[in-house]
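Structure record follows, encoded as C-alpha cells.
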Amino acid sequence: MFGSSGSRVLNVINISYLQSRSKRVWVRKPLGSPMAKSKIFRITPKPVFPEDEKAEIKRLFDNYKSSMKSIRQYFFEQSLKQAESGEVAQMKHRLEDQEHERLMEENRLENEKTAMLREERLKIQAEKTQQNVLASLIKKEGEAKQHEIQIEDFLTKQMSTPFIQPENIEKAIEDALANPTNFNFALDLDGYVYRGKETTIDAIPEEKRERLNSN
C-alpha cells in the first residue's frame, strides 16, 4: 500500500532507538505490539519495603485521603452556600418559616391542653388533701375528747377515794394501830390465798379459804 517509501518508514519506527547527532534517542514501542518473547515467562519480583518505610507510606496516604476529604467537603459547603442565594433557597426558607410557625402553633395548643390537665389534677389533689386534713382533725378532736373523759373519770375516782384530813389524823393513827394489816400472803397451785406470815394451810378450813379471782 505504501510502497517502498512506506515500508522504509515502518522499518525506521520499529527500531528500538534512533541515532540523532551521535545520540541515542529512545523510541516508544507501538501500542499494538505484543510482549517481547524474552519477557513472556518472566515474573517480576514484588518489591519488599522495610517496615518503617511501609508505615511512612501509609501515614502519607492517610494524610492525603484526609486532605482530599476536607477539600471535597469544603467545596461541597461552598456550593451549598452559593445555592442558598438562589430562588430555590428562598423558597426553601419560606417553607421552613411556614413549618416553624405551624410547629409553634401546635406547641402552643399542646401547652394549653397540658396546663388545663395540670390545673384539673391539682384541683382534685387539693380536694383530696383537704378531705384528708379534715378527717385527721376530726379524728384528733375525737381522741382529745376521749382523753378528757378519761382524765375526768380518773379525777372523779381519785376524789371519791377517802383521804385522811388533818383534823382526823389522830383518829386514823389510832384505827391503824388497833387494826394492823399484814401484807404478807402465800399462794398455792390452786389459787388459794393464805394471808399472814405465820399462817399455815391446815389452820384455815377449806370452805373459808380465800381464792383469787381469775378475772
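The values are calculated or read from the model by the stated rules, or taken from the named source; none is laboratory data. Values in this document were obtained by computation on a predicted structure and should not be read as measured data. Cβ placement follows ideal geometry from the backbone for every residue including glycine, while neighbour counts extend to all protein chains displayed. The protein model used for the area step is the full one, side chains on, heavy atoms only, and it has no ligands, DNA or RNA in it. Shrake-Rupley method; radii C 1.70, N 1.55, O 1.52, S 1.80 Å.
Between rounded, prolate and oblate, where does the range 51-158 land on the alpha carbon gyration tensor, with a ≥ b ≥ c its root eigenvalues, rounded for a/c under 1.5, else prolate if a/b exceeds b/c? List each step's numbers first, then the result.
Values: a/c = 13.60, a/b = 2.50, b/c = 5.44.
In terms of gyration-tensor shape, oblate.
Partner lysines whose Cα lies under 27 Å from the Cα of Lys208, excluding those fewer than 8 positions away in the same chain, are identified as Lys197. In this structure, the amide hydrogen of Val193, modeled 1.01 Å from its nitrogen in the peptide plane, lies closer than 5 angstrom to those of Glu210, Arg211, Leu212, counting only residues at least 5 positions away or on a different chain. Just flag the GluC sites (Glu not before Pro) in the range 121-215 sitting in loop per DSSP whose Cβ has no more than 15 other Cβ atoms within 10 Å. The qualifying sites are Glu198. Between Ala126 and Asn184, the modelled labels are 7.7 nm apart [label points 7 Å from Cα along Cα→Cβ].
Our estimate of slack between Ala115 and Leu31, defined as 0.36 nm per intervening residue step minus the Cα-Cα distance, is 21.9 nm. Specify which residue in the list Tyr74, Ala55, Leu95 is farthest towards the positive end of the charge dipole of the range 51-158, using unit charges on the beta carbon of Lys, Arg (+1) and Asp, Glu (-1), about the Cα centre. Positive-end residue among those listed: Ala55. Using every pair of distinct Cα positions in the range 112-215, the Kirkwood expression returns a hydrodynamic radius of 21.3 angstrom. One decimal place: the segment Ser136-Ala172 gains 7.8 nm when fully extended, by the rule 0.36 nm per residue minus the C-alpha distance. Per-residue accessible area (protein heavy atoms, 1.4 Å probe) orders Val133, Val48, Val193, Val27 as Val48, Val133, Val27, Val193, starting from the largest. Arg195 sits with roughly 120 Å² accessible to a 1.4 Å probe, with DNA, RNA and ligands left out of the calculation.
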